[in-house]
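For reference, the structure is listed below as structure tokens.
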Amino acid sequence: METQETIEMFDKYVIANYSRLPKVIVKGKGCYIYDADGNEILDMFPGWAVSGIGHCHPKVVEALKSQAEQLLHIDNTFYSEPQGILAKLLSERAFGGKSFFCNSGAEANEAALKLARLYTAPEKYKFITAEGSFHGRTFATVTATAQPKYHEGFRPLLPGFVYVPYNDIEALEAAFDDEVAAVMVEPIQGEGGINIASDEYLATIRRLCDENGAVMILDEVQTGIGRTGKWFGYQHSDVEPDIITMAKTLGGGVAIGAMMGKEEVAAALVPGKHASTFGGNCLACAAAIAVIEAIDEEGMLQTAVELGEYTRGKLNELKEKYSIIEEVRGVGLMIGVELSQSGSEIVSKCLAKGLRINCTHETVIRFMPPMIATKEQIDTAIEILDNVLAESGK
Ligand SMILES: *Cc1c(COP(=O)(O)O)cnc(C)c1O
């Protein structure tokens, strides 16, 4: 099909709630995507981190094929093997918790908020979240998302949410009282522009939650499953949360979300309180199992550490050359480049030269290379960005 034909179909039949780039992607392999006109694009922002281990990873494709021939979906009226195995693999890689499965990041956070209410009811009901956060688009998670631009047109939002500046210990202490059911933050804010929580901040959340009987929830939807060089972002600190949520990279491209809670907290989620028809289906769980095995077998956590350092080094070299670059920050392969002006034009110029990156929070260029990328591919990406910055006279 011609690119124009596809776009016309969208104009006619698909709700226009996304601003899309005028390209139709028809194929993905490793660090590359291919458009309908046959162009190859180096993808340094694969599916918003969904394809975190690269597009169509062969182990994931193989697992999907073989599971598809066995059983695609069975409802949670029954037990199923892939869901149990996946929960075990996740538990072993986090704090020994128990998982609930759903189909997206927002749903995972929604489940976490509901669980925190159940666990702390009836005395407590408030949720503290941080400015600049992103937690999803359902009513509860968009309310948790403390950025006014996501709230416009949807008020009144869900009651009970309190917003504090991110990484601000005093503000957090001031906001706490014995009605707080949970604090939910990202260990590194993704959509908010790659802002990294300090160890002290996470430790303070832990202490205040312990002192007040509240639940500590970390939204690891973007940071989880290896992106930062550890299985979960919180593992860079000494702090252990009560609940983590994950999605994005977990399914290797297949829709899946998960919420993991410490056993004691998770026990509040009894039959009748929460559910998902598609949650934990065999196909999605088989994909996630393959993702976890691939990360282990191919040493991708180590790659994320080394390649992350390499990429930040290269970006810092560009910072010396171009005054528009103010700061390079990140952990592992979750990297932001803060600019002194809007980054959207740079992102589209890079795409025209065959490189996909992203711009968030207006001025932050985001690199989230696949965990299978090579130094040569990073070099290519940096070279393209270098050329774009040079041509723009920045
Ligand atoms: C993407 C994201 C979400 C929402 O996930 P969806 O799958 O789009 O619902 C929530 N939290 C964080 C940190 C995210 O990056």
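Selection over segment 137-146 of residues that are near the ligand (Cβ under 9 Å from one of its atoms) and farther than 25 Å from Leu208 by Cα gives a count of 2. Selection of segment 199-229 for residues being outside any strand (DSSP E or B), within 15 Å of the ligand (Cβ to nearest atom), within 20 Å of Ala146 (Cα to Cα) and touching a Pro at 6+ places or on another chain (Cβ under 9 Å) yields Glu220, Thr223.
Evaluation of Tyr234 against the conditions (1) assigned to a helix (DSSP H, G or I); (2) within 15 Å of the ligand (Cβ to nearest atom); (3) within 27 Å of Pro58 (Cβ to Cβ) shows that the sole unmet condition is (3). The residues of segment 277-300 that are surrounded by fewer than 18 Cβ atoms within 10 Å (Cβ to Cβ) and not charged (D, E, K, R), listed by number, are Thr277, Phe278, Gly299. The residue list Ala130, Ala106, Ala121, Ala111 contains one member that is over 22 Å from Gly280 (Cβ atoms) and within 14 Å of the ligand (Cβ to nearest atom), which is Ala130. Going by what's in this entry, would Ile196 be described as closer than 16 Å to Arg329 by Cα, away from the ligand (no atom under 13 Å from the Cβ) and under 20 Å from the mean Cα position of the chain (by Cα)? Judged against the criteria, Ile196 is a match. No other residue among Phe127, Phe95 is outside the structural domain of Leu333 (by TED's automatic domain parsing), touching a Gly at 6+ places or on another chain (Cβ under 8 Å) and of a type in the set (A, V, I, L, M, F, W, C) apart from Phe127.
The test for being buried (at least 20 other Cβ atoms within 10 Å of the Cβ), within 16 Å of the ligand (Cβ to nearest atom) and under 20 Å from Gly96 (Cα atoms) does not hold for Ile188. Within the option set Phe78, Phe45, being among the aromatic types (Phe, Trp, Tyr) and in contact (Cβ under 8 Å) with a residue 24 or more places away in the chain holds for one residue only, Phe45.
If the condition is being of a type in the set (Gly, Ala, Ser) and either over 27 Å from Glu170 (Cβ atoms) or surrounded by fewer than 22 Cβ atoms within 10 Å (Cβ to Cβ) (or both), then segment 106-133 contributes Ala106, Ala108, Ala111, Ala121, Gly132.
A quick yes/no check of all residues on (1) touching a residue at least 24 places away in the same chain (Cβ under 8 Å); (2) assigned to a loop (DSSP other than H, G, I, E, B); (3) within 18 Å of the chain's Cα centre (by Cα):
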site	(1), (2), (3)
Leu250	yes, no, yes
Val254	yes, yes, yes
Glu264	no, no, no
His274	yes, yes, no
Ala288	yes, no, yes
Ile292	yes, no, yes
Lys314	yes, no, no
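Is segment 21-39 home to any residue that is outside any helix (DSSP H, G or I), modelled with pLDDT under 95 and within 22 Å of the chain's Cα centre (by Cα)? Yes: one or more hits. Here is the figure for segment 170-184: residues that are under 13 Å from Arg206 (Cα atoms) and surrounded by fewer than 16 Cβ atoms within 10 Å (Cβ to Cβ) total 1.
The values are calculated or read from the model by the stated rules, or taken from the named source; none is laboratory data. All figures in this text were calculated on a predicted structure; none of them were measured in a lab. FYI the Cβ positions are ideal-geometry reconstructions off the backbone, even for glycines, and counts take in every protein chain you see.
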